[in-house]
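Accompanying notes for the structure given below.
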Amino acid sequence: MPNVIIATAAARQVRNGAGFSKFTINLEKLESRLMPNSTMIVTCSGGTYFDRDYYVDVHLPLALASWQKHGLESAAAFFPRDADSVDVSVGIYRFRDETALHAALASAETDAVMDDVPRFTDASVSRIIGAPLL
């Protein structure tokens with residue numbers, strides 16, 4: 001795989017009026033590294049009920065117990081300040097890396113986590129999976 005050379009405008013001017021810095025990114029090394037701390041963001045939107053206490057006290061610990069052995073490092077819940085918000089909750093699940101996240105979701109324990117959702121909400125649940133840019 002080829003290297004990519006990127007030129008960026010430098011802060012100083014050179015004699016011909018154009019200043020540039022040049023650096024190289026080795027794409028093979030970049031692609032071979034696992035992205036650290038992959039994150040799954042789970043939003044619950046709409047619905048007629050949402051039990052915040054159950055979500056925090058029961059569901060998040062269930063997710064941690066189910067997925068920690070696969071690389072889940074933390075789980076947190078956030079709730080909108082605006083009572084009229086479409087989103088009723090946002091869960092942030094941080095995994096060791098992208099491989100761990102996918103292993104957790106493919107595990108047998110995932111059924112128990114998903115089967116628990118109707119116990120605290122009838123809202124629509126959506127997941128977004130992301131990793132930090134290097």
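The values are calculated or read from the model by the stated rules, or taken from the named source; none is laboratory data. The shown structure was predicted, so the numbers you read here are calculated from the model rather than taken from an experiment. Cβ: placed from backbone, ideal geometry, glycine included. Neighbour counts: every protein chain shown. When the accessible area is computed, the model is the full protein with side chains, heavy atoms only, and any ligands, DNA or RNA have been set aside. Shrake-Rupley method; radii C 1.70, N 1.55, O 1.52, S 1.80 Å.
Some values worked out for this structure:
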| read-out | value |
| --- | --- |
| Only listed residue being exposed (fewer than 14 other Cβ atoms within 10 Å of the Cβ) and aliphatic (A, V, I, L, M), chosen from 104, 123, 76 | 76 |
| Pair list, Cβ under 6 Å, 6 or more apart: the range 75-96 residue among the charged types (D, E, K, R), other residue in a loop (DSSP other than H, G, I, E, B) | 87/80; 94/37; 96/71 |
| Residue match in the range 41-54 (condition: under 18 Å from the mean Cα position of the chain (by Cα), surrounded by fewer than 13 Cβ atoms within 10 Å (Cβ to Cβ) and at pLDDT below 95) | no |
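Let's see how each residue does on (1) closer than 18 Å to residue 128 by Cα; (2) open to solvent by less than 60 Å² (accessible area, probe 1.4 Å); (3) modelled with pLDDT under 95; (4) not charged (D, E, K, R):
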| site | (1), (2), (3), (4) |
| --- | --- |
| 8 | no, yes, yes, yes |
| 27 | no, yes, yes, yes |
| 34 | no, no, yes, yes |
| 38 | yes, yes, yes, yes |
| 108 | no, no, no, yes |
